[in-house]
Structures are given as structure tokens and as C-alpha cells.
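The next block holds one structure in the form of C-alpha cells; read it before the comments.
The values are calculated or read from the model by the stated rules, or taken from the named source; none is laboratory data. All figures in this text were calculated on a predicted structure; none of them were measured in a lab. In this analysis, Cβ positions are derived from the backbone assuming ideal geometry, glycine residues included, and neighbour counts consider all displayed protein chains.
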Amino acid sequence: MKYDSLIFDMDGTLWDAVDSYVEVWNVTSRELGVDRVVSRDDLLRYMGKTIDVIYAALMEGVDIDSARYLERLDYNEALLMPRLGGRLYPGVSEGIRELAGRYRLFMVSNCGADGLRNMLRFCGLADCFEGTLTHGETGRGKDYNIARVIETFSLGKPLYIGDTQGDSDAAHAAGADMCHARWGFGRCSDAQLAFGSFAEMTAYLTTH
């Protein structure tokens with residue numbers, strides 16, 4: 001399997017920023033007078049889903065206009081995440097730089113419009129990636145966004161690297177192979193490749 005490009009998921013694949021997302025949700029609820037506290041476990045159940053799905057699950061029964069809440073949530077994410085950031089998984093920083101010497105690198109995530117750019121700036125890895133695309137920018141599912149990156153950048157044999165079955169479903173629907181990041185948040189039953197650590201994956205992809 002000779003790949004010419006790697007497309008990365010963010011959360012659960014490159015870093016764990018769940019505690020920071022919890023802070024963003026709870027700050028938003030306090031500002032809007034919403035009596036609902038979100039925990040890390042709450043968010044972990046829905047990582048990888050689009051924001052409308054997460055909101056419907058976490059704010060079920062809350063008497064507030066969803067558009068108003070989501071607008072404030074998006075504002076607070078843009079304000080707070082560049083400072084709060086997340087924790088890169090072991091081997092990611094050096095592994096990404098090593099992989100960038102061999103493959104074209106991209107990112108596709110279900111996060112907000114600025115999520116990937118904020119993450120790459122926070123971690124100092126922006127120079128390694130040729131392009132990114134998010135649900136917040138297109139309003140479309142991950143399968144559409146992966147396919148759009150493949151088409152836009154004329155990728156011949158891309159590999160999507162993510163941590164959930166939803167990632168695998170989207171990658172395959174878009175015509176890409178799937179690599180399961182087993183160190184992340186979810187499971188996957190039909191990935192072409194799977195690894196237990198970023199370093200293990202990097203070693204394989206730089207020698208095959």
C-alpha cells in the first residue's frame with residue numbers, strides 16, 4: 001500500500017483537548033445562565049460527532065435557543081482555545097515532522113471553523129500541513145470534506161488517520177484507506193492499518 005498523502009483527524013488522533021472543551025462549554029453555560037454542567041465523560045461519549053449532534057445530546061431539555069447557545073460557544077472556543085490548547089499524544093510532534101518529509105499532510109475534522117488552525121498554531125506544526133478542512137467551514141460531514149480535500153489537492157492514494165468507526169466510515173465513503181489510531185477515543189473494525197502508538201505508526205509509514 002503506497003500512499004502519497006496522509007489526512008489526519010485531530011481529537012483523539014493528534015491530541016487530547018477534552019478538558020479544554022469542557023471549560024469552553026461550561027463558560028458558555030455560565031454566561032448564558034444555563035443550569036447544565038458538562039463533564040469530561042459527557043464529551044468523551046460524543047467525540048468525533050458534529051457540533052449539532054453533541055449539542056442535542058448534552059443540552060437536551062435545556063430551555064434556550066440552540067442558535068444563540070452555539071453562536072456563543074463558537075465565540076468562546078475561538079477566544080479560549082488558542083490559550084487553553086490540548087495535550088499532544090506522545091511522539092506526535094517529532095512524528096509529524098518526520099512524516100512531512102515523505103508525505104503530503106492534511107487535516108479534516110468535525111470541529112469549528114478555526115479549530116484546526118488554532119491547534120496547529122498552538123503546537124507549532126502549521127508548516128507541516130498543506131491544507132485543512134472542517135465541518136465548521138463547510139457545514140458538511142467528514143466524508144464530504146475528505147473527498148473535497150482529495151479532489152482539491154489531486155491526491156492519488158490518501159490514507160485517513162483517525163480514532164473512531166465514524167472516521168473509518170467517512171474515509172471509505174470518500175475513497176480513502178483508513179488507519180486506526182488505537183491510542184485515541186474510539187474503536188474501529190475495518191481499518192486497513194491500525195497502530196497502538198503514534199511512534200509505531202510513524203515507523204511503519206516511513207519504512208513502507
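Looking for something on the phi > 0 side of the Ramachandran plot, assigned by TED's automatic domain parsing to the domain that holds Phe153, under 18 Å from the mean Cα position of the chain (by Cα) and crowded, with 17+ Cβ neighbours inside 10 Å - is there at least one such residue anywhere in the range 40-49?
The first filter runs over the range 40-49 and keeps only residues on the phi > 0 side of the Ramachandran plot, leaving 48.
In the following step, the residues that additionally are assigned by TED's automatic domain parsing to the domain that holds Phe153 were identified as none.
No, because not a single residue in the range 40-49 is on the phi > 0 side of the Ramachandran plot, assigned by TED's automatic domain parsing to the domain that holds Phe153, under 18 Å from the mean Cα position of the chain (by Cα) and crowded, with 17+ Cβ neighbours inside 10 Å.
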Next item on the list: Any chance you could count how many residues in the range 143-186 are under 25 Å from Asp16 (Cβ atoms) and either in contact (Cβ under 8 Å) with a residue 40 or more places away in the chain or in contact with a Leu (Cβ under 9 Å, 6 or more places away or on another chain) (or both)?
Entry: 23
Notebook entry, point to check: Quick one: how many residues across the range 117-137 are closer than 19 Å to Ala170 by Cβ and of a type in the set (Asp, Glu)?
Noted result: 1
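Residues checked against (1) more than 16 Å from Met10 (Cβ to Cβ); (2) touching a residue at least 40 places away in the same chain (Cβ under 8 Å); (3) not aromatic (Phe, Trp, Tyr):
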{"residue": "Tyr103", "(1), (2), (3)": "yes, yes, no"}
{"residue": "Asn110", "(1), (2), (3)": "no, yes, yes"}
{"residue": "Arg117", "(1), (2), (3)": "no, no, yes"}
{"residue": "Ala126", "(1), (2), (3)": "no, no, yes"}
{"residue": "Thr138", "(1), (2), (3)": "no, no, yes"}
{"residue": "Gly141", "(1), (2), (3)": "no, yes, yes"}
Next item on the list: Scan (1) at pLDDT 95 or above; (2) crowded, with 20+ Cβ neighbours inside 10 Å; (3) not assigned by TED's automatic domain parsing to the domain that holds Ala170 for the single condition Val37 breaks and write down its number.
Entry: (2)
Next item on the list: For the range 50-86, enumerate the residues that are buried (at least 17 other Cβ atoms within 10 Å of the Cβ), within 23 Å of Lys142 (Cα to Cα) and among the charged types (D, E, K, R).
Entry: Asp74, Glu77
